[in-house]
Amino acid sequence: MPKAWLIDVYGTVLRVDFVRVYEGLADIAGVSLDVFRAAFAQVVDDVMTSKGAGPAAMARILLACGIEPSQRRVDGLVAEDQRLLIANARVFEDAVDFLHRVRAAGASSALVSNCGDHTRGLLVHFGFDALVDEFVLSSEVGFLKPDARIFQVAVDRLGVAPESAVFVDDKVGFCRAARAFGVGAVHLVRESGRAGADRLPGDPPDVASFVHLAPG
(Lines give C-alpha, C1' and ligand atoms only; values in the text may rest on other atoms or scores of the structure.)
Protein backbone atom coordinates (compact mmCIF):
# COMPACT_ATOMS: atom_id res chain seq x y z
CA MET A 1 0.00 0.00 0.00
CA PRO A 2 1.22 3.59 -0.61
CA LYS A 3 3.33 5.20 2.08
CA ALA A 4 2.80 8.63 0.52
CA TRP A 5 0.40 10.46 -1.77
CA LEU A 6 1.37 13.28 -4.11
CA ILE A 7 -1.70 15.23 -5.12
CA ASP A 8 -2.29 17.98 -7.66
CA VAL A 9 -4.11 21.16 -6.63
CA TYR A 10 -6.11 22.81 -9.42
CA GLY A 11 -8.91 20.63 -10.75
CA THR A 12 -8.03 17.98 -8.18
CA VAL A 13 -8.49 19.38 -4.67
CA LEU A 14 -9.66 22.85 -5.66
CA ARG A 15 -11.67 24.27 -8.53
CA VAL A 16 -10.98 27.91 -9.41
CA ASP A 17 -12.90 29.98 -11.94
CA PHE A 18 -9.83 31.62 -13.44
CA VAL A 19 -11.90 33.51 -16.01
CA ARG A 20 -13.56 35.40 -13.15
CA VAL A 21 -10.13 36.05 -11.61
CA TYR A 22 -8.77 37.46 -14.89
CA GLU A 23 -11.95 39.47 -15.47
CA GLY A 24 -11.57 41.10 -12.06
CA LEU A 25 -7.91 41.95 -12.60
CA ALA A 26 -8.57 43.26 -16.12
CA ASP A 27 -11.36 45.46 -14.78
CA ILE A 28 -9.08 46.94 -12.12
CA ALA A 29 -6.36 47.52 -14.70
CA GLY A 30 -8.90 49.15 -17.02
CA VAL A 31 -8.27 46.86 -20.00
CA SER A 32 -10.23 44.15 -21.77
CA LEU A 33 -10.06 40.55 -20.67
CA ASP A 34 -8.35 39.56 -23.92
CA VAL A 35 -5.67 42.23 -23.51
CA PHE A 36 -5.00 41.21 -19.91
CA ARG A 37 -4.79 37.51 -20.71
CA ALA A 38 -2.43 38.14 -23.62
CA ALA A 39 -0.17 40.13 -21.29
CA PHE A 40 -0.36 37.43 -18.62
CA ALA A 41 0.65 34.78 -21.16
CA GLN A 42 3.97 36.59 -21.57
CA VAL A 43 4.90 36.14 -17.91
CA VAL A 44 3.19 32.91 -16.86
CA ASP A 45 6.31 30.72 -17.10
CA ASP A 46 8.29 33.10 -14.88
CA VAL A 47 5.42 33.32 -12.41
CA MET A 48 5.25 29.55 -12.07
CA THR A 49 8.99 28.88 -11.75
CA SER A 50 10.35 31.80 -9.71
CA LYS A 51 9.62 32.49 -6.05
CA GLY A 52 8.51 36.04 -5.41
CA ALA A 53 7.96 36.76 -9.10
CA GLY A 54 4.43 38.07 -8.63
CA PRO A 55 5.10 41.83 -8.27
CA ALA A 56 7.63 41.95 -11.13
CA ALA A 57 5.28 39.91 -13.32
CA MET A 58 2.37 42.21 -12.53
CA ALA A 59 4.53 45.20 -13.47
CA ARG A 60 5.33 43.54 -16.80
CA ILE A 61 1.65 42.85 -17.36
CA LEU A 62 0.78 46.50 -16.78
CA LEU A 63 3.51 47.61 -19.17
CA ALA A 64 2.25 45.19 -21.82
CA CYS A 65 -1.22 46.69 -21.33
CA GLY A 66 0.18 50.20 -21.85
CA ILE A 67 -0.18 51.17 -18.19
CA GLU A 68 2.51 52.77 -16.02
CA PRO A 69 3.38 50.15 -13.35
CA SER A 70 3.51 52.38 -10.28
CA GLN A 71 4.23 50.64 -6.99
CA ARG A 72 0.70 51.41 -5.81
CA ARG A 73 -0.86 49.82 -8.89
CA VAL A 74 1.37 46.76 -8.70
CA ASP A 75 0.80 46.21 -4.98
CA GLY A 76 -2.94 46.68 -5.43
CA LEU A 77 -3.16 44.14 -8.25
CA VAL A 78 -1.04 41.57 -6.40
CA ALA A 79 -3.32 41.86 -3.36
CA GLU A 80 -6.43 41.70 -5.53
CA ASP A 81 -5.08 38.67 -7.34
CA GLN A 82 -4.91 36.80 -4.02
CA ARG A 83 -8.38 37.98 -2.99
CA LEU A 84 -9.98 37.04 -6.31
CA LEU A 85 -8.30 33.64 -6.31
CA ILE A 86 -9.79 32.82 -2.91
CA ALA A 87 -13.19 34.29 -3.77
CA ASN A 88 -13.50 32.20 -6.92
CA ALA A 89 -12.25 28.91 -5.49
CA ARG A 90 -14.18 25.99 -4.09
CA VAL A 91 -12.92 22.89 -2.34
CA PHE A 92 -13.69 19.37 -3.51
CA GLU A 93 -14.92 17.76 -0.31
CA ASP A 94 -13.99 14.25 -1.44
CA ALA A 95 -10.38 15.44 -1.53
CA VAL A 96 -10.57 16.78 2.02
CA ASP A 97 -12.10 13.53 3.26
CA PHE A 98 -9.39 11.55 1.47
CA LEU A 99 -6.60 13.58 3.04
CA HIS A 100 -8.09 12.92 6.47
CA ARG A 101 -8.16 9.20 5.66
CA VAL A 102 -4.55 9.31 4.45
CA ARG A 103 -3.42 10.80 7.74
CA ALA A 104 -5.49 8.34 9.75
CA ALA A 105 -3.89 5.47 7.81
CA GLY A 106 -0.42 6.70 8.75
CA ALA A 107 0.58 7.69 5.21
CA SER A 108 2.11 11.06 4.34
CA SER A 109 0.98 13.51 1.66
CA ALA A 110 2.09 16.48 -0.39
CA LEU A 111 0.26 18.85 -2.69
CA VAL A 112 2.25 19.17 -5.92
CA SER A 113 1.23 22.04 -8.19
CA ASN A 114 2.26 24.10 -11.19
CA CYS A 115 1.40 27.52 -9.83
CA GLY A 116 2.41 31.02 -8.77
CA ASP A 117 3.16 32.37 -5.32
CA HIS A 118 -0.49 33.09 -4.59
CA THR A 119 -1.28 29.37 -4.36
CA ARG A 120 0.31 28.97 -0.93
CA GLY A 121 -1.99 31.67 0.48
CA LEU A 122 -4.97 30.00 -1.17
CA LEU A 123 -4.14 26.59 0.30
CA VAL A 124 -3.55 28.01 3.77
CA HIS A 125 -6.84 29.93 3.57
CA PHE A 126 -8.72 26.67 3.01
CA GLY A 127 -6.79 24.82 5.72
CA PHE A 128 -4.75 22.47 3.56
CA ASP A 129 -1.62 23.22 5.59
CA ALA A 130 -3.25 21.22 8.39
CA LEU A 131 -4.20 18.35 6.08
CA VAL A 132 -0.93 17.58 4.27
CA ASP A 133 2.71 17.30 5.23
CA GLU A 134 4.21 19.36 2.40
CA PHE A 135 3.40 21.90 -0.29
CA VAL A 136 5.59 21.31 -3.35
CA LEU A 137 4.81 24.35 -5.48
CA SER A 138 6.57 25.00 -8.77
CA SER A 139 7.11 28.68 -8.03
CA GLU A 140 9.01 27.71 -4.89
CA VAL A 141 11.02 24.73 -6.18
CA GLY A 142 11.65 26.01 -9.72
CA PHE A 143 10.38 22.97 -11.61
CA LEU A 144 7.11 22.41 -13.47
CA LYS A 145 5.31 19.14 -14.00
CA PRO A 146 6.04 17.05 -16.04
CA ASP A 147 9.69 17.65 -15.08
CA ALA A 148 10.74 14.65 -12.99
CA ARG A 149 12.59 16.92 -10.58
CA ILE A 150 9.37 18.18 -9.01
CA PHE A 151 8.41 14.60 -8.16
CA GLN A 152 11.90 14.03 -6.78
CA VAL A 153 11.51 17.04 -4.48
CA ALA A 154 8.16 15.68 -3.28
CA VAL A 155 9.36 12.18 -2.39
CA ASP A 156 12.55 13.55 -0.85
CA ARG A 157 10.60 15.86 1.42
CA LEU A 158 8.28 13.04 2.47
CA GLY A 159 11.22 10.68 2.97
CA VAL A 160 9.89 7.87 0.78
CA ALA A 161 11.11 5.98 -2.27
CA PRO A 162 9.29 6.77 -5.54
CA GLU A 163 7.83 3.28 -5.72
CA SER A 164 6.19 3.81 -2.31
CA ALA A 165 4.24 6.86 -3.51
CA VAL A 166 1.17 7.45 -5.67
CA PHE A 167 0.45 10.64 -7.63
CA VAL A 168 -3.07 11.88 -8.42
CA ASP A 169 -3.71 14.53 -11.09
CA ASP A 170 -6.50 15.56 -13.44
CA LYS A 171 -4.03 15.77 -16.37
CA VAL A 172 -3.10 12.40 -17.80
CA GLY A 173 0.18 13.72 -19.24
CA PHE A 174 1.41 14.59 -15.76
CA CYS A 175 0.32 11.15 -14.53
CA ARG A 176 2.40 9.57 -17.31
CA ALA A 177 5.40 11.65 -16.25
CA ALA A 178 5.02 10.58 -12.62
CA ARG A 179 4.85 6.95 -13.65
CA ALA A 180 7.95 7.35 -15.83
CA PHE A 181 9.74 8.74 -12.76
CA GLY A 182 8.78 5.62 -10.81
CA VAL A 183 5.77 6.85 -8.84
CA GLY A 184 2.41 5.14 -9.09
CA ALA A 185 -0.25 7.30 -10.72
CA VAL A 186 -4.01 7.72 -10.87
CA HIS A 187 -5.80 9.98 -13.34
CA LEU A 188 -8.69 11.84 -11.69
CA VAL A 189 -11.50 12.53 -14.18
CA ARG A 190 -14.22 14.54 -12.46
CA GLU A 191 -16.22 15.17 -15.63
CA SER A 192 -17.80 11.91 -16.80
CA GLY A 193 -17.68 12.95 -20.46
CA ARG A 194 -13.88 13.05 -20.29
CA ALA A 195 -13.45 9.54 -18.92
CA GLY A 196 -11.26 7.53 -21.25
CA ALA A 197 -10.45 10.52 -23.45
CA ASP A 198 -6.88 10.68 -24.80
CA ARG A 199 -5.98 7.38 -23.16
CA LEU A 200 -3.03 5.38 -24.42
CA PRO A 201 -2.33 1.70 -23.81
CA GLY A 202 -0.85 1.25 -20.35
CA ASP A 203 -2.01 4.64 -19.06
CA PRO A 204 -2.74 5.08 -15.33
CA PRO A 205 -6.30 4.17 -14.34
CA ASP A 206 -9.10 6.75 -14.40
CA VAL A 207 -11.17 7.43 -11.28
CA ALA A 208 -14.07 9.84 -10.89
CA SER A 209 -13.54 10.68 -7.22
CA PHE A 210 -11.19 10.23 -4.30
CA VAL A 211 -13.81 7.96 -2.73
CA HIS A 212 -12.53 5.21 -5.03
CA LEU A 213 -8.99 5.36 -3.61
CA ALA A 214 -7.72 3.49 -0.57
CA PRO A 215 -5.53 5.81 1.51
CA GLY A 216 -2.97 3.39 2.81
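The values are calculated or read from the model by the stated rules, or taken from the named source; none is laboratory data. Quick caveat: nothing in here was measured; it's all calculated off a predicted structure. Please note: Cβ atoms are built from the backbone with ideal geometry, for glycine as well, and neighbour counts cover all protein chains shown. Just so you know, the surface numbers come from the protein's heavy atoms only, side chains and all, with ligands and any DNA or RNA stripped out. Shrake-Rupley method; radii C 1.70, N 1.55, O 1.52, S 1.80 Å.
Put simply, when 166-172, 136-142, 199-205 are sorted by average Cβ atoms within 10 angstrom per residue, most first, you get 166-172, 136-142, 199-205. Temperature 25 °C, viscosity 0.890 mPa s: under these conditions the Stokes-Einstein estimate for region 16-72, based on its Kirkwood radius over C-alpha pairs, is 214 µm² per second. Spin-label model, Ala87 to Arg157: label points 7 Å out along the Cα-to-beta-carbon direction sit 2.9 nm apart. Sorted into 5 angstrom bins from 0, the C-alpha pair distances of region 75-164 split as 3, 13, 20, 22, 21, 13, 6, 2, 1 percent.
Simple rule: put +1 on each Lys or Arg Cβ and -1 on each Asp or Glu Cβ in the chain, find the dipole, and look at Ala165, Pro69, Val47; the Cα lying farthest toward the positive end is Ala165. Shape annotation for region 1-113: C-alpha extents along the principal axes are 55, 24, 22 Å, from largest to smallest. If you sort Phe210, Phe126 by accessible surface, 1.4 Å probe, largest first, the order is Phe126, Phe210.
Using the Cβ-Cβ distance between Ala79 and Val211 with R0 set to 35 Å, the FRET efficiency from 1/(1 + (r/R0)^6) comes to roughly 0.40.
With one equal scatterer per alpha carbon and no solvent term, the Debye-computed log10 I(q)/I(0) for region 1-47 at 0.21, 0.32 1/Å reads -0.81, -1.08. Cα centroid separation, region 40-80 to region 121-200: 27 Å. Here the Gaussian network model covers the chain, with springs between Cα atoms less than 10 Å apart; of Cys65, Cys175, Cys115, Cys65 fluctuates the most.
At full extension, Leu63 and Val19 could sit 13.7 nm farther apart than now, given 0.36 nm per residue minus the alpha carbon distance.
In the chain, Cα pairs under 8 Å separated by at least six residues give a relative contact order of 26 percent. With kT/(6 pi eta Rh) evaluated at 37 °C and eta = 0.692 mPa s, and Rh the Kirkwood radius from Cα pairs, the chain diffuses with a coefficient of 182 µm²/s according to Stokes-Einstein. Straight Cα distances below 26 angstrom link Lys51 to the lysines Lys145, Lys171, with same-chain residues fewer than 8 positions distant left out.
Given R₀ = 45 Å, what would the calculated FRET efficiency be for Asp34 paired with Ala130, taking r from the Cβ atoms and rounding to 0.05?
Result of the calculation: an efficiency of 0.70.
Beta-bridge orientation, the chain: approximately 15 percent antiparallel, per DSSP, counting only bridges with both partners inside.
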